[in-house]
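Working notes for the structure below.
Values quoted throughout were computed directly from the atomic coordinates according to the rules given, and no laboratory measurement underlies them. All values derive from a computational prediction rather than experimental measurement. Glycine also receives a Cβ, built like all others from the backbone with ideal geometry; neighbour counts cover every protein chain displayed.
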Amino acid sequence: MLPAKGRTLRLATYNVHSCIGVDGRHDPRRTAAVIAELDADVVALQEFSCPADVALETPSPAVLESLDGYACAIGPTLRREANHFGNVLLSRHPIRELARLDLSVKRREPRGALAATIEVGGTEIHVLATHLGLRSGERRSQIDRILRHLAALESTFLAVLGDFNDWLPGRSVARALEQVLGAPPKPKSFPGRWPLLALDRIWVRPAHALRGVSAHQSPLARRASDHLPVVADLEAP
């Protein structure tokens with residue numbers, strides 16, 4: 001079942017670069033301020049770092065205290081003595097189910113995805129948030145795993161979003177996702193000050209529910225990370 005006609009949702013994906021801006025300053029408050037600018041219902045974060053003593057099932061976004069209006073799901077891919085590093089999913093709506101998918105490839109940096117079922121006004125929407133690897137062969141394996149996960153879902157309304165590190169036109173592995181979910185706009189989001197590459201992507205099914213995709217280019221966003229956030233507005237058919 002889809003959300004009621006006329007309901008509009010905003011999704012966003014944002015590689016926060018451990019809350020370190022292009023000025024080299026670690027500033028979680030600045031990162032939180034950029035997220036607040038987005039005014040999104042669901043936000044996928046990549047390269048998020050939080051203290052190692054934060055519980056895996058923490059209900060609120062660690063170190064981003066001003067965003068207490070969001071439910072939080074964290075998916076560490078690197079666990080260090082002082083901190084954990086990886087994916088985070090923020091939602092203004094209840095997260096009913098959550099799975100942490102391991103997308104790691106041998107001898108490469110560990111990678112993962114957060115696969116969540118979010119309830120919006122009594123309707124369930126499936127969201128998969130990820131950050132793929134730097135090599136095309138690695139990303140191809142990770143896309144295959146994501147597609148297998150999507151194929152097993154019963155949900156008719158879903159979104160796939162994150163940093164896909166996919167920038168080579170002739171060797172794009174994201175085309176496999178486009179064959180299943182369509183080819184939405186690809187706003188350039190990296191590097192943040194002078195964006196040249198569309199690394200950060202959002203897909204929605206059904207594709208015609210998508211009303212627009214854009215990179216958020218506020219002055220604060222251009223300083224807060226080496227990526228710009230990408231925002232998508234969607235509406236049920």
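For region 147-176, the candidate set comprises residues that are β-branched (Val, Ile, Thr) and part of a loop (DSSP other than H, G, I, E, B); within that set, the residue that is nearest to residue 134 (Cα to Cα) is 173. The lone criterion from (1) touching a strand residue (DSSP E or B) at 6+ places or on another chain (Cβ under 8 Å); (2) farther than 23 Å from residue 228 by Cβ; (3) surrounded by fewer than 16 Cβ atoms within 10 Å (Cβ to Cβ); (4) not small (Gly, Ala, Ser) left unmet by residue 39 is number (2).
Looking only at residues of region 56-75 that are aliphatic (A, V, I, L, M) and under 16 Å from the mean Cα position of the chain (by Cα), we find that the one that is farthest from residue 91 (Cα to Cα) is 74. With respect to being over 21 Å from residue 126 (Cα atoms), aromatic (Phe, Trp, Tyr) and without any contact (Cβ under 8 Å) to a residue 60 or more places away in the chain, residue 194 fits the description. Just one of the listed residues (189, 218, 225) is more than 16 Å from residue 125 (Cβ to Cβ) and surrounded by fewer than 20 Cβ atoms within 10 Å (Cβ to Cβ), and it is 218. Note on region 11-31: residues that are exposed (fewer than 15 other Cβ atoms within 10 Å of the Cβ), touching a residue at least 40 places away in the same chain (Cβ under 8 Å) and over 13 Å from residue 63 (Cα atoms) total 2.
Hey, does region 47-68 have a residue that's out of contact with any helix residue (DSSP H, G or I) (no Cβ under 7 Å at 6 or more places or on another chain), in a strand (DSSP E or B) and under 20 Å from residue 98 (Cα atoms)? Yes: one or more hits. Somewhere in region 116-126, is a residue charged (D, E, K, R), touching a strand residue (DSSP E or B) at 6+ places or on another chain (Cβ under 6 Å) and either within 24 Å of residue 206 (Cβ to Cβ) or touching a residue at least 40 places away in the same chain (Cβ under 8 Å) (or both)? The answer is yes, given that some residue of region 116-126 is charged (D, E, K, R), touching a strand residue (DSSP E or B) at 6+ places or on another chain (Cβ under 6 Å) and either within 24 Å of residue 206 (Cβ to Cβ) or touching a residue at least 40 places away in the same chain (Cβ under 8 Å) (or both).
Of the residues making up region 98-122, those that are part of a strand (DSSP E or B), surrounded by 16 or more Cβ atoms within 10 Å (Cβ to Cβ) and charged (D, E, K, R) number 1.
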